[in-house]
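The values are calculated or read from the model by the stated rules, or taken from the named source; none is laboratory data. Quantities reported herein were computed from a predicted structural model and do not represent experimental measurements. Note: ideal-geometry Cβ built from the backbone for every residue, glycine included; neighbour counts use all protein chains shown.
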């Protein structure tokens, strides 16, 4: 396993997690101001008008060529499970910075993800 490939995979995970957080912020900011739109069309119009949503989509777009590079160098059976680390990162960001609730079940789920990715890495 090449260190650069694993580092790039982890960078992709972090970029994806950042994109998720930006999308969440872009879609909840008007709701916090009491301006939450009703209906699916209004929701999509809100998304189109949000710079944070556009920034999140841009990050996703930037991560695609990086992810293709990772896939060209790592087995997909190792690379793709690393994507699950994004769940751990986004949970941590949600709890620490967005005030989302933490539960021990969520913590246990994250621990299982970390253990699974570590086991896969040991077999690589």
Run down 74, 52, 57 and say which single residue is touching a residue at least 24 places away in the same chain (Cβ under 8 Å), over 14 Å from residue 23 (Cβ atoms) and surrounded by 14 or more Cβ atoms within 10 Å (Cβ to Cβ). 74
Taking the conditions exactly as written (surrounded by 13 or more Cβ atoms within 10 Å (Cβ to Cβ), at pLDDT 95 or above and in a helix (DSSP H, G or I)), does residue 109 satisfy them or not? yes
